[in-house]
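**Student:** Take a look at the following structure, please.
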Amino acid sequence: QVQLVESGGGLVQPGGSLRLSCAASGFISRLTAMGWYRQAPGKERELVARIQVSGITNYADSVKGRFAISRDSARNTVYLQMNSLKPDDTAVYYCNAYIITSHYWGQGTQVTVSS
């Protein structure tokens, strides 16, 4: 059993910043990567950013240069710092943990970018 607890969503004006956090617990000894996905209304869920246990990161083209993913291995926590937010970033953001060959998901946190 794997639990992912997210926090940090909310309403922000365009150009603003938010930081999302996701704490993992349970059977995570064979964690391969953690990341963030998002799903906007009427759209498919898409990868935003991912960090492997090796530290290698990858980002969606739409967020490169604006978002940064990081982790605290001691706390099994991953963060997503989101800067220069745009209305197109509005979505439910889901934390993801990839363990061996299985994906685990958090419940999601709403991010709304609006004036």
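The values are calculated or read from the model by the stated rules, or taken from the named source; none is laboratory data. Keep in mind it's a predicted model, so treat the numbers as computed, not measured. Backbone-built Cβ (ideal geometry, glycine too); neighbour counts: all protein chains shown. Keep in mind that these areas ignore ligands, DNA and RNA; they rest on the heavy atoms of the full protein, side chains included. Shrake-Rupley method; radii C 1.70, N 1.55, O 1.52, S 1.80 Å.
**Student:** So what is the relative contact order for region 1-64, in percent, with contacts set as C-alpha pairs under 8 Å and at least six apart?
**Tutor:** 22
**Student:** May I ask you to compute the full-extension gain from Asp88 to Ser73, defined as 0.36 nm times their residue separation minus their alpha-carbon distance, rounded to one decimal in nm? Please list the in-between numbers first.
**Tutor:** Working: separation 15, 0.36 × 15 = 5.40 nm, distance 3.07 nm.
Working it through step by step, the gained length comes to 2.3 nm.
**Student:** Okay, moving on. Rounded to whole Hz and in sequence order, give me ³J(HN,Hα) for region 79-89 from the Karplus expression 6.51 cos²θ - 1.76 cosθ + 1.60, θ = phi - 60°, writing x for Gly and Pro.
**Tutor:** Each residue of region 79-89 in turn: 10, 10, 8, 10, 10, 6, 5, 10, x, 5, 7 Hz.
**Student:** Within the chain, what whole-number % of the accessible surface is contributed by carbon and sulfur, with the 1.4 Å probe and all protein chains included in the calculation? Don't skip to the end; give the middle numbers.
**Tutor:** Working: 2990 of 6350 Å².
Its accessible area is 47 percent carbon and sulfur atoms.
**Student:** Sorted by accessible area (1.4 Å probe), largest first, how do Ile100, Ile69 line up?
**Tutor:** If we order Ile100, Ile69 from most to least accessible, we get Ile100, Ile69.
**Student:** Could you compute how much accessible surface Lys64 exposes when probed at 1.4 Å, giving the result in Å² to the nearest 10?
**Tutor:** Its accessible surface works out to 120 Å², give or take rounding.
**Student:** Something else now. Is region 12-87 best put as rounded, prolate or oblate by its Cα gyration tensor, with a ≥ b ≥ c the root eigenvalues, rounded for a/c under 1.5, and otherwise prolate when a/b is larger than b/c, oblate when not?
**Tutor:** Because a/c hits 1.5 or more and a/b exceeds b/c, region 12-87 counts as prolate.
**Student:** Place a point 7 Å from Cα of Ala60 in the direction of its Cβ. Which residues in region 17-45 have their backbone N less than 13 Å from it?
**Tutor:** It comes to 36-45, nothing else.
**Student:** Over the chain, average the accessible area per residue using a 1.4 Å probe and give it in Å², no decimals. Before the final figure, lay out the partial values.
**Tutor:** Working: 6350 Å² over 115 residues.
Ligands and nucleic acids excluded, the figure is 55 Å² per residue.
**Student:** Per q in 0.13, 0.25 Å⁻¹, report the Debye log10 I(q)/I(0) for region 65-115, using one uniform scatterer on each alpha carbon and no solvent.
**Tutor:** Listed by q, the Debye log ratios stand at -0.40, -1.10.
**Student:** On a C-alpha basis, how far is the centre of region 10-68 from the centre of region 70-115 in Å? Whole number, if you could?
**Tutor:** Result: 4 Å between the Cα centres.
**Student:** Let me check against my output: what whole-number percent is the relative contact order of the chain, with C-alpha pairs under 8 Å and at least 6 apart?
**Tutor:** Numbers: 277 pairs, mean separation 42.1, N = 115.
It comes to 37 percent, rounded to a whole number.
**Student:** Is region 26-70 rounded, prolate or oblate when judged by the Cα gyration tensor, a ≥ b ≥ c being the square roots of its eigenvalues, rounded requiring a/c under 1.5 and prolate requiring a/b larger than b/c?
**Tutor:** Numbers: a/c = 3.22, a/b = 1.43, b/c = 2.24.
Taking the square roots of the gyration eigenvalues as a ≥ b ≥ c, region 26-70 is oblate.
**Student:** What full-extension length gain, to one decimal in nm, is calculated for Thr101 and Gln52 as 0.36 nm per residue of separation minus the Cα-Cα distance? It would help to have the intermediate numbers written out before the result.
**Tutor:** Numbers: separation 49, 0.36 × 49 = 17.64 nm, distance 1.38 nm.
Result: 16.3 nm gained on full extension.
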